[in-house]
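Student: Would you mind keeping the following structure in view while I ask a few things?
The values are calculated or read from the model by the stated rules, or taken from the named source; none is laboratory data. All figures in this text were calculated on a predicted structure; none of them were measured in a lab. In this analysis, Cβ positions are derived from the backbone assuming ideal geometry, glycine residues included, and neighbour counts consider all displayed protein chains. For accessibility, only protein heavy atoms count, side chains too; no ligands or nucleic acids. Shrake-Rupley method; radii C 1.70, N 1.55, O 1.52, S 1.80 Å.
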Amino acid sequence: QVQLQASGGGLMQAGGYLRLSCAASGRAPSGRTFSELLVAWFRQAPGTERESVARISRSGAHKFYADFMKGRITISRDNAKNKVYLQMNSLRPDDTAVYYCAAVERDGFDPPTGPDEYDYWGQGTQVTVSS
């Protein structure tokens, strides 16, 4: 089973930056390893639905961003280390949320945007941005 662990959250002032990490271990029942999975970062603020903020293909060549964060975030992955990262800059108070990494077994290079389509989830890391 694939296990994901997100880390790197914290309390930041507006305008600051954070780098979130997602470490993976294990294999999918199909035998696929982390490098063969599509990965995304989601976030969920209190009282809101979980929403996709960034997605990345298996190789890392294709990256997709939510419009509301485009230009402020960068997703990347290091398959040799079984890790995915989310660099977040120019943080704003409305970025406050729990951030989750998720992975899915699927062909193609464009990970889905809906949280229900993901097979594996990390436990989430809290990001709090003060004004």
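Student: What are the residue pairs meeting all of these: first residue in the range 13-42, first residue on the phi > 0 side of the Ramachandran plot, second residue part of a strand (DSSP E or B), Cβ atoms under 8 Å, and 6 or more apart or on different chains?
Tutor: As it stands, the answer is Gly26/Gln3, since those pairs meet every condition given.
Student: Just give me the residues in the range 79-114 being in a loop (DSSP other than H, G, I, E, B) and within 18 Å of Glu51 (Cβ to Cβ), in sequence order.
Tutor: Leu91, Arg92, Thr96, Asp110, Pro111, Pro112, Thr113, Gly114
Student: Looking at the range 35-48, is at least one residue more than 15 Å from the chain's Cα centre (by Cα) and open to solvent by 80 Å² or more (accessible area, probe 1.4 Å)?
Tutor: yes
Student: Right, here's the next one. Would you check which residues across the range 71-113 are among the small types (Gly, Ala, Ser) and open to solvent by less than 20 Å² (accessible area, probe 1.4 Å) and list them?
Tutor: Ala97, Ala102, Ala103
Student: Search the range 49-68 for residues being under 13 Å from the mean Cα position of the chain (by Cα) and over 19 Å from Tyr120 (Cβ atoms), and hand back the single one that is least open to solvent (accessible area, probe 1.4 Å).
Tutor: In this case the residue turns out to be Ala66.
Student: Now a separate question. Looking only at the range 115-124, which residues are in contact (Cβ under 8 Å) with a residue 60 or more places away in the chain and either within 13 Å of Glu51 (Cα to Cα) or surrounded by 17 or more Cβ atoms within 10 Å (Cβ to Cβ) (or both)?
Tutor: Pro115, Tyr118, Tyr120, Trp121, Gly122, Gly124
Student: Also, I was wondering about something else. Of the conditions (1) out of contact with any Cys (no Cβ under 8 Å at 6 or more places or on another chain); (2) modelled with pLDDT of 95 or more, Cys22 fails just one. Which one is it?
Tutor: (1)
Student: What number of residues within the range 1-26 satisfy the criterion of being closer than 11 Å to Gln126 by Cα, part of a strand (DSSP E or B) and open to solvent by less than 40 Å² (accessible area, probe 1.4 Å)?
Tutor: 3
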